[in-house]
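Visitor: A single structure is presented below for examination.
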Amino acid sequence: MSNSLVPPLFPEQPDFQYIWKQSESYEPKKEKKIQSLSAAMDVDEDTVRQNLPDYEALFASQQLYNDTVARSYPTFYRNLSNTPFVAAARDDMGNLIETEGWWNEIANAYNVARDTVAIGNIGTRAMLDGRDLYPYERRKIERARQ
């Protein structure tokens, strides 16, 4: 007895030759960029794929050309109006983002280690003095936890 609703026990093998041929035109970096832009801008991936340069420019204008960037990074903001600078930055954007993330992780780890040592010193000093923490020490510990 055959039921059309039940899947076969042994499904057909995929066409590996077709997959191999299709992979030649697949660009992983470009597809990742399309997926990221699609998610960030809440637009269908096919729409982004068809108009990729437009969506890249729109995303950059929203993220880079604003008052926050102008106040925080005035030199960078000023250079964003220079075409050769933008071309170089755009070409190396992946490495810049990765490097910034790496340095941010190091900075965060340093801050956590510094705060941990400071809290340990405060607690050890109070314990050796045989006393409870002073109110200013408690506030300092609470600030470090945030």
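The values are calculated or read from the model by the stated rules, or taken from the named source; none is laboratory data. In this text, all values refer to a predicted model and were calculated from it rather than measured experimentally. Side chains are part of the model used for accessible areas, which takes the heavy atoms of the whole protein and leaves out ligands, DNA and RNA. Shrake-Rupley method; radii C 1.70, N 1.55, O 1.52, S 1.80 Å.
Visitor: Using a probe radius of 1.4 Å on heavy atoms only, what accessible surface per residue do you get for the chain? Whole Å² is fine.
Guide: Per-residue value: 87 Å².
Visitor: Okay, moving on. Could you check how much of the accessible area of the chain is carbon and sulfur, as a whole percent, using a 1.4 Å probe?
Guide: Ligands and nucleic acids excluded, carbon and sulfur reach 56 percent.
Visitor: Okay, moving on. Restricting attention to the alpha-carbon atoms of segment 34-78, what are Rg (one decimal) and Dmax (integer), both in Å?
Guide: When restricted to Cα atoms, segment 34-78 yields Rg and Dmax of 12.6, 36 Å.
Visitor: Shifting gears a bit: Within the chain, count lysine pairs with alpha carbon atoms under 24 angstrom apart where the residues are 8 or more positions apart or belong to different chains.
Guide: Pairs that pass both the separation and distance tests number 4.
Visitor: To the nearest 10 square angstrom, how much accessible area does TYR65 have with a 1.4 angstrom probe?
Guide: Probe radius 1.4 Å; accessible area of TYR65 about 100 Å².
Visitor: In angstroms, what radius of gyration and Dmax does the chain have, counting Cα atoms only?
Guide: Gyration radius and largest Cα-Cα distance of the chain: 27.0, 85 Å.
Visitor: Okay, moving on. Using just the helices of the chain, give the 222 nm mean residue ellipticity in deg cm²/dmol: DSSP H runs with n ≥ 4 each add -39,500 (n - 2.57), and the total is spread over all residues, rounded to 500.
Guide: -24000 deg cm²/dmol
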